[in-house]
1. List pairs: first residue in the stretch A:48-59 and under 15 Å from residue A:4 (Cα atoms), second residue acidic (Asp, Glu) anywhere in the structure, Cβ distance under 8 angstrom, at least six positions apart or on different chains.
2. For the stretch B:136-146, which residues satisfy the criterion of being surrounded by fewer than 24 Cβ atoms within 10 Å (Cβ to Cβ) and in contact with a Phe, Trp or Tyr (Cβ under 8 Å, 6 or more places away or on another chain)?
3. Given the structure, is residue B:240 within 16 Å of ligand 2 (Cβ to nearest atom) and in contact with a Leu (Cβ under 9 Å, 6 or more places away or on another chain)?
4. Residues to consider are A:19, A:71; find the one that is in contact (Cβ under 8 Å) with a residue 24 or more places away in the chain, facing chain B (nearest Cβ under 9 Å) and out of contact with any Lys or Arg (no Cβ under 8 Å at 6 or more places or on another chain).
5. Restricted to the stretch B:64-92, and to residues that are closer than 22 Å to residue B:164 by Cα and out of contact with any strand residue (DSSP E or B) (no Cβ under 8 Å at 6 or more places or on another chain), which residue is surrounded by the fewest Cβ atoms within 10 Å (Cβ to Cβ)?
6. Test of understanding: among B:8, B:97, which residue is under 30 Å from residue B:128 (Cα atoms), surrounded by 17 or more Cβ atoms within 10 Å (Cβ to Cβ) and not β-branched (Val, Ile, Thr)?
7. Report yes if residue B:24 is under 15 Å from the mean Cα position of the chain (by Cα), within 13 Å of ligand 1 (Cβ to nearest atom) and outside any loop (DSSP other than H, G, I, E, B), otherwise no.
Amino acid sequence: MFAEPLPTVGITEILGLLKVLDDAGSRADVYRLAQQLQLDTAALLPVLRGAEMLSFVHTPGGDVVLQPLGKQVVDADMNTKKAIVKEQMEKLPLVRFFMEFLSNHPEKAVEKSEILEELAILIPSADPEELYGTLLKWGRYGEIFGFSYDTGRFFLNTRGRRRRPTSPGPSESGAPSGSASPGIEPPESSNP
Amino acid sequence: MANVPLLELDRLSKSFRREHTESLILEEISLKVADGDFVAIVGPSGVGKSTLLRLMAGLTQPTKGRVLFEGRELRGVNGDSALVFQSFALFPWLTVEQNVRLGLEARGIDPSAAKSRVAYYLDKVGLDGHEEAYPRELSGGMKQRVGLARALAVEPKLLLMDEPFSALDALTSVSLREELLEIWSDSSLPVNTVVLVTHLIEEAVELADRVVVIAGSPGRVRDDLRIELPRPRQKNSAAFNEIVDRVFSLIV
Ligand SMILES: Nc1ncnc2c1ncn2[C@@H]1O[C@H](COP(=O)(O)OP(=O)(O)O)[C@@H](O)[C@H]1O
Ligand SMILES: [Mg+2]
């Protein structure tokens, strides 16, 4: 299987890049952008790479250009942003591989060391710990994967029920029964 | 009640005793914060911005003058305010979920109500999926979201933020500023008044309705500017830069 490594960067920085690009009129010169952000060009590259893997930007020549999907992310509210990131992540071969890998386990969870072994086989050129770190960060953001330090296990997030809202309004979280859905109902206020 | 500001500082002065001398840090600060305001306080490092925020939170008492909250003089900790710090101030041995829940149980909210409230605010700051993570597993941006969720979860009327984005890299802070604005303008959330301290003028002009400039020694209110720029603000526009330059000239 061919799988690209994930660049060592968080989703928050990728979202920041999209916003900066939008403010700059959708297109920027990479070198100038790095200067403006007071970042080393080398430090900006993984951010660009990540944004491109998720189809939020293109990088023709020395430029970076916001794509329509990237613009959609900028304009979306928080939960829609998460839903779009999740959708895009689920298209990445590496993410798909581990979704399937974990689904095949009865407990939908394995020891972290098993993930590291798989990563070392899939992408021998990358540092498995580093790649694992990014897979977990992205996975948590997209509510696809998680890790429990207490059990030492990497798991498939089966609560993952987030969908991009089709109509405006509160983002739904698909727990069907009304009363026990902590993610959507405003809690009672304790302020007198 | 309509004309009573949420928070009022009335000719407030603060000095600290160092060895045998009193040093005056803030002098005759008067300021009104209306319900719904987003106020940024800017000023050079050491001018007394954090001290001012602690006075608003009732964590330290004024040497002279008064702090009024909803028209009543504040004596002791302001239970209607919550603070977010630059340093995150999370408990390393607690998960994200536990860090946010901790403050609630201390306020006597029963465990099952606390649990659903925590889930609600974790969702609001985009931390769904991070419940069982420990702070050391998180990036700075994620840690600050935990700090924000913890502050929001107590459902304060006033959110006080002390340089909340200063420890973050440029791109992360861009994201978090935008998220803060989204939360502030979300009318379904109880908190709609924010006082944010920053030494970054651009950050103040991007976020706030009002920029209060504190300068000098002792620190005094040098100016109080209303920022009328429409939102979302165009950071590279001429109007934006003009205001930034104006604030800058007041500080130096
Ligand atoms: N608890 C304290 N005791 C003595 N001096 C203090 C105390 N807190 C702050 N100061 C002093 O007050 C001044 C203002 O501090 P601070 O409010 O932290 O400024 P800023 O947040 O604007 O950088 C500094 O000179 C600082 O050393
Ligand atoms: Mg300070």
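1. Every condition considered, the pairs that remain are A:50/A:13; A:53/A:4.
2. Matches in the stretch B:136-146: B:137, B:140, B:143.
3. On the way: within 16 Å of ligand 2 (Cβ to nearest atom): no; in contact with a Leu (Cβ under 9 Å, 6 or more places away or on another chain): yes.
In short, no.
4. Working: A:71 fails: facing chain B (nearest Cβ under 9 Å).
The conditions single out A:19.
5. Step one: filter the stretch B:64-92 for residues closer than 22 Å to residue B:164 by Cα, giving B:77-92.
Within this subset, residues satisfying the condition of being out of contact with any strand residue (DSSP E or B) (no Cβ under 8 Å at 6 or more places or on another chain) are B:77, B:79, B:87-92.
Details: B:77: 10, B:79: 15, B:87: 13, B:88: 20, B:89: 14, B:90: 22, B:91: 11, B:92: 8.
So, considering only residues that are closer than 22 Å to residue B:164 by Cα and out of contact with any strand residue (DSSP E or B) (no Cβ under 8 Å at 6 or more places or on another chain), the one surrounded by the fewest Cβ atoms within 10 Å (Cβ to Cβ) is B:92.
6. Numbers: B:8 fails: under 30 Å from residue B:128 (Cα atoms).
The unique qualifying residue is B:97.
7. Numbers: under 15 Å from the mean Cα position of the chain (by Cα): no; within 13 Å of ligand 1 (Cβ to nearest atom): yes; outside any loop (DSSP other than H, G, I, E, B): yes.
In short, no.
So that you can scan it fast, the table gives a plain yes or no per residue for (1) over 14 Å from the mean Cα position of the chain (by Cα); (2) modelled with pLDDT of 95 or more; (3) within 24 Å of residue A:157 (Cβ to Cβ):
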site	(1), (2), (3)
A:45	yes, yes, no
A:49	no, yes, no
A:58	yes, yes, no
A:66	yes, yes, no
A:74	yes, yes, no
A:82	no, yes, yes
A:88	no, yes, yes
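The values are calculated or read from the model by the stated rules, or taken from the named source; none is laboratory data. Keep in mind that what you see is a predicted model, and the values were worked out from it rather than measured. Neighbour counts run over all protein chains shown; Cβ positions are idealised from the backbone, glycine included.
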